[in-house]
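Everything on this sheet refers to the single structure shown next.
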Amino acid sequence: MKLISTLGAALALLCTFPLAHAQTWPAKALTWIVPFAAGGPTDAMARDIADKVGKQIGQPIIIENVAGAGGTIGATKASKAAPDGYTFLVGHMGYMGAAPSLYKKLGYDPVKGFEAVFRFPDTPLVLLVGKRSPYKSAADLIAAAKAQPGKVNFGNAGVGSTSHLIAALFAAQAGVEMVQVAYKGAAPALNDVIGGQVDAMFDQSNTALPQVQGGRMTALALTSLSPMPQQYPGVPTLAEKTLPGFEAATWYGVYAPKGTPKDIVNKMHQAYLKALGDKDWTQRMASQGIHLLPEAQYAPEAFAQHTAAEIEKWRKVTTAAKIQID
Ligand code: ASP
């Protein structure tokens, strides 16, 4: 009898544990895994948003950069973390959308291995070259690659990263071959484009802008459908001048390892929405060319659906554009 009641008490304790845990959360700092080198667009956005969300939940959010293999190393690590509400992944279109169709063996499942927590605003990309580049337009790059296949090379943030995928789509639509050079993040790749070791790169608007404004790089074209005259005056979209219909933007967001209590996921989402109420902040993001979304799209359920839909989309896109990992 005693044993039964002790067992009963233990079971009751186990059942209430996630609830009690969620009630005291967050009792310490959180970690967000960013699977690229520091200083790149994912890192910059994650640090900015982590700072604002951390202030709302009353605990700091520490960024851990776990770079390599286009983000898949960091995502694998995050999927194996304890689902206790203290470790999260900052995920994006590449390793949470395209990776299942690019990698034969992926160490995680973006849908079954994670709880979607909230989506970031989207970020269009900018086609960049170094200041001393002989290429003055996207058409120049295409013409050079047509004249000499393999002559033009593109830096990217790793196999399956956004910069890799968009450059591959660009080459496929233009009908040319470009050489892709993989780095551990956009930041080291940008350095080599600035230095002239690599010809061009697609980078997200938020980190491309200071390079262009600082005079270190030239923006040749935008992947958004509309031009961005405030941020990139005089820079055409790819769709309007070179590749009709071309449109691309990176989506990002926060994921938790599968099994993280729903209550914690909701608290994170609510904290994020509260942070977004700061109009000075959202205007600052918009001024970097970041596209704010309707509020409903930031929600966990909407973000989970978006992730699943993107995996299907990228299956078709990678097959049609013959994007493979060799
Ligand atoms: N998000 C970038 C990309 O996939 C990489 C980075 O943030 O460093 O191109």
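Among the residues of segment 32-56, those identified as in a helix (DSSP H, G or I), more than 11 Å from the ligand (Cβ to nearest atom) and open to solvent by less than 30 Å² (accessible area, probe 1.4 Å) are I49, A50, V53, G54.
Of the residues that sit in segment 101-116 and are crowded, with 21+ Cβ neighbours inside 10 Å and among the aromatic types (F, W, Y), which one is farthest from F88 (Cα to Cα)? Checking each candidate, the answer is Y108.
Take the residues in segment 151-164 that are assigned to a loop (DSSP other than H, G, I, E, B) and either under 28 Å from the mean Cα position of the chain (by Cα) or closer than 20 Å to T318 by Cβ (or both); name whichever of them is farthest from the ligand (Cβ to nearest atom). Reasoning before the result, please.
Filtering segment 151-164 down to residues assigned to a loop (DSSP other than H, G, I, E, B) leaves 151-152, 157-161.
Checking the rest, the ones that are also either under 28 Å from the mean Cα position of the chain (by Cα) or closer than 20 Å to T318 by Cβ (or both) come to 152, 157-161.
Details: V152: 18, A157: 3, G158: 7, V159: 10, G160: 8, S161: 3 Å.
Looking at residues that are assigned to a loop (DSSP other than H, G, I, E, B) and either under 28 Å from the mean Cα position of the chain (by Cα) or closer than 20 Å to T318 by Cβ (or both), I get V152.
For every residue, the table says whether it meets (1) open to solvent by less than 10 Å² (accessible area, probe 1.4 Å); (2) within 16 Å of the ligand (Cβ to nearest atom); (3) part of a loop (DSSP other than H, G, I, E, B).
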residue	(1), (2), (3)
T76	no, no, no
D84	no, no, yes
T123	yes, yes, no
K136	no, no, yes
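Put simply, of G58, G70, G74 the only residue that is out of contact with any Lys or Arg (no Cβ under 8 Å at 6 or more places or on another chain) and modelled with pLDDT under 95 is G70. Residues of segment 290-322 that are outside any helix (DSSP H, G or I) and open to solvent by 40 Å² or more (accessible area, probe 1.4 Å): H291, L292, P294, K322.
Against the numbered list (1) part of a loop (DSSP other than H, G, I, E, B); (2) open to solvent by less than 30 Å² (accessible area, probe 1.4 Å); (3) at pLDDT 95 or above, L190 comes up short only at (1).
The values are calculated or read from the model by the stated rules, or taken from the named source; none is laboratory data. Since the structure is predicted, the reported quantities are computational estimates derived from the model, not experimental observations. Ideal geometry is used to build each Cβ from the backbone, glycine not excepted, and the neighbour counts take in all protein chains shown. For accessibility, only protein heavy atoms count, side chains too; no ligands or nucleic acids. Shrake-Rupley method; radii C 1.70, N 1.55, O 1.52, S 1.80 Å.
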